[in-house]
Amino acid sequence: MQFFINNGIYYGSNTVYRCNGDEGSVMYLEQTGSVPRWRCNGIIVNQETGEKCCNGRQVAVRNASFFSNRSLPAYDALSILYFWSLKVRRMTISTMVGCSPKAVRETLKDWYQVLQEDLQQNDCKIGGYDVDGNPIVVEIDESKFGKRKYHRGHRVEGVWVVGGVEKTPERKCFLVVVNNRNTETMDTIIRNYVADGSIVHTDCWRAYENMVNLGMNLVHRTVNHSVTFRDGDVHTNTIEGTWNGIKINVTPALRTKKMVPWLLIEFIWRRKHHNDIFGGIIDCLKNVSFDRAQRNPAWLTELAAE
């Protein structure tokens, strides 16, 4: 319990926590019992009527946190997140934590909501100019997430994803699930996720051809993959490597239209916090608000304008 308080996940004793909102009495942290609680002393707020602030209202210390109103013990839920940070498979997490697969599934479903809230649109806006004023190269490509329905050589069932990655040490990226790959879709993606002034490398797919007409001062360079995978310094090897990095950690069973957007959010979040994944988890638990009653769609990795 002290770990959660010390790391700011729960409100600590140095926090001003008020009963019934900002206007209520200051509550104190009662450490007696197995679970610390915030307690109001029920002071009189109206001397004439004798009206009290409350009747000694109590609030669990984990109130307003990711662990609030969760049947799973907080330590077990945190353990799930820890093993998730290590990319342990869900069934293995269930065994290691000693909880049901459903508990793991529901905890991670809520966790993906937190990841999305932690990310901002700017985290997925790539390209533009570097600190020296040089245009940043952005590689854009499409890939299908799915599995062959019958056997090798047959049509692949799944979802299409358009992605872009900077050719910078940070490898900042965007990833978007799309229903089609036409010019209108590509134009919308480029407007939303590519900064003005970028140098964009793609293959020769015709849907990319209109980007130079978007008024974004983009330089568009192509490589014909039917001839070669590299034309001088023009290639899409970086984004191709990104696809491999995503798919190696996503089992075919999870490559569905429902799950892929959330797995893309996970990939972007991990790249943002790659220096300290568990530290990123603690920061999210401390700073990102969460309401289980308001689960949102994966707006960050699904294209709304289609």
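The values are calculated or read from the model by the stated rules, or taken from the named source; none is laboratory data. Since the model is a prediction, treat every value here as computed from it, not as a measurement. As a convention, Cβ positions derive from the backbone with ideal geometry for all residues, glycine included, and neighbour counts pool all protein chains shown.
Things worth noting here:
- So Y193, is it in contact with a His (Cβ under 8 Å, 6 or more places away or on another chain), under 17 Å from V161 (Cα atoms) and assigned by TED's automatic domain parsing to the domain that holds R181: no
- Per the conditions (1) under 21 Å from K87 (Cβ atoms); (2) in the same structural domain as L86 (by TED's automatic domain parsing); (3) touching a helix residue (DSSP H, G or I) at 6+ places or on another chain (Cβ under 6 Å), the sole criterion not satisfied by F290 is (1).
- Residue match in region 34-56 (condition: of a type in the set (S, T, Y) and at pLDDT below 65): yes
- Pick from region 244-270, criterion out of contact with any helix residue (DSSP H, G or I) (no Cβ under 9 Å at 6 or more places or on another chain) and assigned to a helix (DSSP H, G or I), ranking: farthest from E170 (Cα to Cα): A253
- Qualifying position, being modelled with pLDDT of 95 or more and either out of contact with any strand residue (DSSP E or B) (no Cβ under 6 Å at 6 or more places or on another chain) or surrounded by 11 or more Cβ atoms within 10 Å (Cβ to Cβ) (or both), among Y129, Y150: Y129
- Conditions (1) surrounded by 12 or more Cβ atoms within 10 Å (Cβ to Cβ); (2) charged (D, E, K, R); (3) free of Cβ contacts under 8 Å to residues at least 24 places away in the same chain; number of the one not met by K257: (3)
- Residue among I281, I239, I246 that alone is touching a residue at least 24 places away in the same chain (Cβ under 8 Å) and over 17 Å from V178 (Cβ atoms): I281
- Sole exception among (1) in a helix (DSSP H, G or I); (2) out of contact with any Asp or Glu (no Cβ under 8 Å at 6 or more places or on another chain); (3) surrounded by 14 or more Cβ atoms within 10 Å (Cβ to Cβ) for G241, by number: (3)
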